[in-house]
Amino acid sequence: DETVDRILTVKTVGHQWYWRYEYKDFWSADNNINLEFDAYIIPTSELRDEIFRLLDVDNRTVIPIHTQVRVLISSADVLHSWTVPSLGVKADAVPGRLNQVKFIRQRPGLYYGQCSEICGANHRFMPIVVESVDLNTFLNWVIVSMEE
């Protein structure tokens, strides 16, 4: 049963070897597009000093602080698991099934996770990065992302 209404919903779909994120609450009437992107691991050859090897992605999942967030989780191919220990969330991504987790972040920061299911030889290369920011930063990110 739902006890708290969500303010933001992010749909997450596991693919081999990346995650796809869709923010269904935001869409552009002008171009008839949704805010959606893929998140791939950053290759070792492209690492910089501030990037964690095997844990950072090219597109981070951005969420606002002090907001009830619901993450809908599924898979397009095999079993995956969307796990972010510092957020206290873990849910299996199963083809043909929709799971969900809910959380609220009270402070900004980066939260790292990985697929924790043995989904294939390279499952450890499916990192997850959730970036928690203030509401104005989040809205600016949405506007910039929709223009790209």
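What follows draws every value from the coordinates through simple rules; no lab data is involved. Since this is a predicted model, take the numbers as computed values, not measurements. Backbone-built Cβ (ideal geometry, glycine too); neighbour counts: all protein chains shown.
Annotations for the structure displayed:
- Flag for Val133 being in contact with a helix residue (DSSP H, G or I) (Cβ under 9 Å, 6 or more places away or on another chain) and without any contact (Cβ under 8 Å) to a residue 40 or more places away in the chain: no
- Residue match in the stretch 50-61 (condition: touching a residue at least 60 places away in the same chain (Cβ under 8 Å), touching a Leu at 6+ places or on another chain (Cβ under 7 Å) and surrounded by 13 or more Cβ atoms within 10 Å (Cβ to Cβ)): no
- Number of the exception - Ser86 against (1) within 20 Å of Ile143 (Cβ to Cβ); (2) surrounded by fewer than 18 Cβ atoms within 10 Å (Cβ to Cβ); (3) out of contact with any Pro (no Cβ under 9 Å at 6 or more places or on another chain): (1)
- Scanning the stretch 102-148 for residues that are surrounded by 13 or more Cβ atoms within 10 Å (Cβ to Cβ) and over 25 Å from Thr67 (Cα atoms) returns Ser116, Glu117, Cys119, Gly120, His123, Arg124, Phe125, Met126.
- Among the strands (runs of 3 or more DSSP E) confined to the stretch 46-124, the ones with at least 3 residues that are of a type in the set (Val, Ile, Thr) are located at 61-64, 69-75.
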